[in-house]
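Read through the structure below, which is laid out as structure tokens, and then see the notes.
The values are calculated or read from the model by the stated rules, or taken from the named source; none is laboratory data. Note that this is a predicted model, so its numbers are computed, not measured. Reconstructed Cβ throughout: ideal geometry from the backbone, glycine too, with neighbour counts over all protein chains shown. Calculation scope for accessible area: heavy atoms of the full protein, side chains included, ligands and nucleic acids excluded. Shrake-Rupley method; radii C 1.70, N 1.55, O 1.52, S 1.80 Å.
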Amino acid sequence: MSREKFQSISAADFFYRNREIAGFDNPVRATYTIIRELVENALDACEQYSIPPDVRTKLIDEGNSIYRIRVEDNGIGVPYDQVPYAFGQILFGSKYMLRQSRGIFGLGGKMAVLYGQITAHSSVKVLSSTGGFEKYFYELNINVQENKPIIRRKEVTPNPGRWRGTIIEFSFEGDYIRAKPKVVEYFRQTSILLPYANILFIDPDGALYRFDKITEEMPKPAETVKPHPYGVDLEIVHRMINATRSSTMVDFLVNNFHRVGAATAMNFLKEAKISQNANPRTLDSKDLLRLVNKMKDYDGFQPPDAQCLSPIGEELLKKGIIREFRPEYVAVTQRGASAYAGYPFIVEAAIAYGGDIPITPPDEMLVFRFANKIPLLYDLHSDVTMKVIKKINWQRYRLDLSSMPLAFFVHICATKVPYKTVGKEYIADRPEVEYEIEWALKTCARDVRNHLAKKEKADIVQRRLSVFEKYLPMIAQFSTELAGNGKPPDYEKVLRRVQAHAKEVEQRSLVEAE
Amino acid sequence: MLRKSNREVLSKLSELGNEIYAEIERGEFPRIRIPSRTTSNIVFDEELGQFVLGNQRSLRSAANIKQIRSLTQLLWVASFAKRLVSEEKSSTLRDLYYHSLNYGIRFRDQTESDDTVTDLETLLGEPREGFNIFPKERSAIFGDLEIEYTTPETHKGRRVNLGSNPDGVMVGLSVAQADFLSCKADKVFVIEKNAVFRRFIEERVYDKFNAILIDTAGQAPRLARLLIRRLNQELGLPVYLLTDADPWGMHIAMVIIRGSANAAHLRELTTVKAKWVGLWATDIKRFSLPSFPLTKLDEERIRLLEEDMRYRDFEWQSELQEFKKTKRRAELEAFSAHGLTAIVDKYLPKKLKMIEES
């Protein structure tokens with residue numbers, strides 16, 4: 001009987017062996033994923049520092065299914081000495097902090113680079129500057145087994161224009177022709193949510209997709225927060241203890257957890273039967289298990305605070321939808337903060353009616369889902385939003401999904417988005433999330449219904465008015481002919497009465513709608 | 001009634017125009033009240049012996065979005081009528097419907113424009129012939145009656161003897177509106193069908209009975225009914241009606257005498273004193289006429305007539321009962337079985353005598 005050999009593998013190696021779970025399972029999906037990951041990193045590099053993004057993407061067909069991608073942003077830039085690690089090494093953060101961002105661990109971009117290296121033997125070229133006197137160019141590869149960057153070339157050049165940003169370029173094996181619909185849709189939907197961003201994409205056929213910003217306003221950037229006690233597990237707590245410099249349990253809890261103050265910490269420790277002054281490092285595994293279990297069901301913790309999140313906001317959401325669809329009406333709403341499993345989240349939703357929105361058959365409903373500002377393009381029918389849309393009785397809102405031009409938008413932002421899978425294209429039906437989405441959509445639906453009711457009334461009033469405008473002059477003319485009078489009577493007075501009545505009705509309906 | 005016509009119709013129309021005009025000038029919504037023609041408002045007037053409209057009025061107001069269109073249509077028909085009368089032109093219902101298309105007056109179909117004409121008749125209490133809108137003519141007159149045309153302009157003053165054309169003269173507006181100059185006849189025979197009308201001319205019935213002959217060609221058109229009434233009222237001629245012996249023929253006679261429910265809004269179309277000479281149901285046996293069984297439709301019709309206010313008189317009811325009993329009907333031509341002239345030689349004298357004696 002031979003002994004099995006076990007060996008540790010590097011993080012880079014792990015992802016190399018499991019690339020399909022990160023969305024690189026085939027050339028089509030890889031093309032889409034690479035573009036998405038790079039654009040998202042570029043957008044994050046801008047937004048997290050309140051820089052209105054200006055992101056340009058170019059994809060070039062190099063033949064034999066090899067494509068060269070180039071993404072340029074005007075973000076904060078990567079400091080000179082960190083470039084190799086930012087693009088050439090797969091790292092896990094050592095600080096256990098949470099922040100709403102597009103990528104979960106900042107891994108997506110590196111996976112893209114790794115994929116390019118594997119499929120096209122491409123090294124990655126990076127040009128970056130933080131806006132100082134120099135800009136620096138790197139050509140890198142990843143040493144997969146050792147998980148280390150290999151620097152092929154390095155150049156520092158003057159930066160007289162004080163350019164700031166990052167340009168990344170590499171080749172990979174892909175299939176743009178088949179990925180194209182999703183790629184274009186990705187840019188389009190991203191622009192809906194980011195009306196403050198210039199987004200430009202030139203595809204291999206030379207087609208230009210350009211989305212210009214229509215506002216300078218930006219949502220406030222997301223803030224980093226400590227984890228909430230509800231949201232940690234044994235492994236994380238174990239690591240946190242290893243990393244902490246706190247010498248007592250009270251200090252440890254107060255310093256490392258979200259919304260835990262001294263009083264809460266002391267009460268909690270009493271409940272968990274752990275001494276306040278115990279050194280966290282001296283807890284045995286039984287204590288540790290009890291501590292973590294107690295964290296899950298102790299109800300004395302303050303709920304997570306959503307101040308750290310960066311929702312789009314009703315106004316911006318509306319602007320983006322209007323730019324894309326020019327609808328007759330948009331109802332938007334932002335729900336109050338909620339939390340699931342210790343992670344704060346906020347749901348924003350919109351329902352747009354009319355304009356460029358087509359009437360769609362039921363299985364092609366226009367449902368736009370976003371999570372942390374990323375459009376979700378796959379697996380609509382497994383998504384919680386779809387479940388909610390199917391559940392709502394739209395007739396109560398006098399909306400008919402099969403005969404009315406309607407589009408639905410749902411954005412969830414959270415320190416951790418409850419994706420169902422690592423491929424992250426649909427959201428799990430956590431009851432807290434489902435509840436928020438449902439009420440957000442219902443609020444919008446009520447708003448749209450009121451608009452339609454108001455419009456209907458105004459239409460009726462207008463139609464009435466036009467009937468009078470059509471017939472009164474005729475009545476005047478015929479009565480003149482019958483009476484044998486020289487000139488027709490002045491019917492304006494009568495018409496004014498009709499108009500006054502119309503105005504009255506309209507005002508009454510406004511009051512009713514409110 | 002057609003005699004009073006033009007000036008009176010014109011003044012009614014301009015009165016209507018003045019009212020509407022004044023209302024608009026005052027800043028009010030013009031409105032018109034028209035006697036309602038719904039079944040519940042059609043009542044039998046004992047004195048007139050015909051159906052008339054009751055007191056219900058229906059409103060056509062410009063303030064009401066549902067009525068303003070039909071008010072406009074009504075006023076258009078009125079102004080169209082005014083033009084016809086003042087220019088001494090005439091038109092038909094179909095013609096009027098086509099005219100409307102030129103004026104942006106949308107009638108859904110001719111039924112709607114026909115109804116609007118009836119509205120105007122009701123409102124003014126004038127038949128549409130009064131404002132020169134006529135149905136298609138098919139009735140004819142023959143007899144020793146000298147008339148002078150009053151319309152159209154081209155024929156005004158021209159005289160004609162209605163016995164001059166052996167086919168009879170078509171009863172149109174000009175004949176119906178003509179002045180009666182002289183008349184040697186002392187009675188009128190109104191006949192339901194052309195074949196018998198011709199036979200009467202050929203058999204010189206006009207001469208033998210000193211009568212004017214009128215062919216209604218089925219249900220009598222309004223102009224024929226007007227002319228019959230004028231002959232009866234202006235010349236004092238007794239009127240005798242000859243129809244088939246079936247519920248339909250009977251009703252042709254009844255409409256001439258007491259009017260139709262459709263024209264309950266109009267008076268002065270009826271000839272109450274006219275007499276139905278036959279064929280009666282009882283004549284079938286009396287004169288041994290060849291007959292046919294009643295159809296289902298005939299029997300249903302009889303049941304309806306039994307309930308009809310106009311038929312409540314004993315003579316009419318007993319004829320209806322006879323039909324029900326014998327379940328047979330006969331046509332005017334049935335007399336031919338007894339010889340070409342039987343109807344003239346035997347039947348007419350006998351029936352006229354019966355009627356005089358009753």
Please go through segment A:479-496 and pick out each residue that is open to solvent by 30 Å² or more (accessible area, probe 1.4 Å), more than 7 Å from chain B (Cβ to nearest Cβ) and over 29 Å from residue B:85 (Cβ atoms). A:492, A:496
I need the full set of residues from segment A:340-391 which are in contact (Cβ under 8 Å) with a residue 60 or more places away in the chain and among the acidic types (Asp, Glu), in order please. A:348
Could you tell me which numbered condition residue A:310 fails, if it satisfies all but one of (1) open to solvent by less than 20 Å² (accessible area, probe 1.4 Å); (2) assigned to a strand (DSSP E or B)? (2)
For segment B:72-113, give me each residue that is modelled with pLDDT under 85 and at the interface with chain A (Cβ under 9 Å from one of its Cβ atoms). B:103, B:104, B:105
Quick check: anything in segment B:62-71 of a type in the set (Lys, Arg), more than 14 Å from chain A (Cβ to nearest Cβ) and surrounded by fewer than 17 Cβ atoms within 10 Å (Cβ to Cβ)? no
Among residues belonging to segment A:401-449 that are part of a loop (DSSP other than H, G, I, E, B) and under 22 Å from residue A:323 (Cβ atoms), point out the one that is most open to solvent (accessible area, probe 1.4 Å). A:404
Any hit, segment A:356-369, residues being over 14 Å from the mean Cα position of the chain (by Cα), hydroxyl-bearing (Ser, Thr, Tyr) and open to solvent by less than 30 Å² (accessible area, probe 1.4 Å): yes
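One line per residue, one yes/no per condition, for (1) out of contact with any Cys (no Cβ under 9 Å at 6 or more places or on another chain); (2) in a helix (DSSP H, G or I); (3) under 22 Å from residue A:415 (Cβ atoms); (4) touching a residue at least 40 places away in the same chain (Cβ under 8 Å):
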| site | (1), (2), (3), (4) |
| --- | --- |
| A:235 | yes, yes, yes, no |
| A:241 | yes, yes, yes, yes |
| A:247 | yes, no, no, no |
| A:271 | yes, yes, no, no |
| A:287 | yes, yes, no, no |
| A:295 | yes, yes, yes, yes |
Among the listed residues B:329, B:286, B:303, B:310, which satisfies the condition of being of a type outside the set (A, V, I, L, M), surrounded by 15 or more Cβ atoms within 10 Å (Cβ to Cβ) and farther than 17 Å from residue B:244 by Cβ? B:310
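Residue-by-condition table, conditions (1) hydrophobic (A, V, I, L, M, F, W, C); (2) modelled with pLDDT of 95 or more; (3) open to solvent by 10 Å² or more (accessible area, probe 1.4 Å); (4) more than 27 Å from residue B:180 (Cα to Cα):
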position: B:227; (1), (2), (3), (4): yes, no, no, no
position: B:230; (1), (2), (3), (4): no, no, yes, no
position: B:235; (1), (2), (3), (4): yes, no, yes, no
position: B:245; (1), (2), (3), (4): yes, no, no, yes
position: B:255; (1), (2), (3), (4): yes, no, no, no
position: B:258; (1), (2), (3), (4): no, no, yes, no
position: B:266; (1), (2), (3), (4): yes, no, no, no
If we keep only residues of segment B:22-49 that are part of a strand (DSSP E or B) and more than 14 Å from chain A (Cβ to nearest Cβ), then the residue most open to solvent (accessible area, probe 1.4 Å) is B:33
Criterion first (in contact with a His (Cβ under 9 Å, 6 or more places away or on another chain) and farther than 30 Å from residue A:29 by Cα) does residue A:225 satisfy it? yes
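Given the residues A:476, A:458, A:500, which is the only one that is touching a residue at least 40 places away in the same chain (Cβ under 8 Å) and either of a type outside the set (Ser, Thr, Tyr) or at the interface with chain B (Cβ under 9 Å from one of its Cβ atoms) (or both)? Break it down into steps so the answer makes sense when it comes.
On the way: A:476 fails: touching a residue at least 40 places away in the same chain (Cβ under 8 Å); A:500 fails: touching a residue at least 40 places away in the same chain (Cβ under 8 Å).
That would be A:458, the only listed residue that is touching a residue at least 40 places away in the same chain (Cβ under 8 Å) and either of a type outside the set (Ser, Thr, Tyr) or at the interface with chain B (Cβ under 9 Å from one of its Cβ atoms) (or both).
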Let me spell it out: the conditions are (1) modelled with pLDDT under 85; (2) out of contact with any Gly (no Cβ under 6 Å at 6 or more places or on another chain); (3) within 30 Å of residue B:201 (Cβ to Cβ), and residue B:137 meets all of them except one. Which number is the exception? (2)
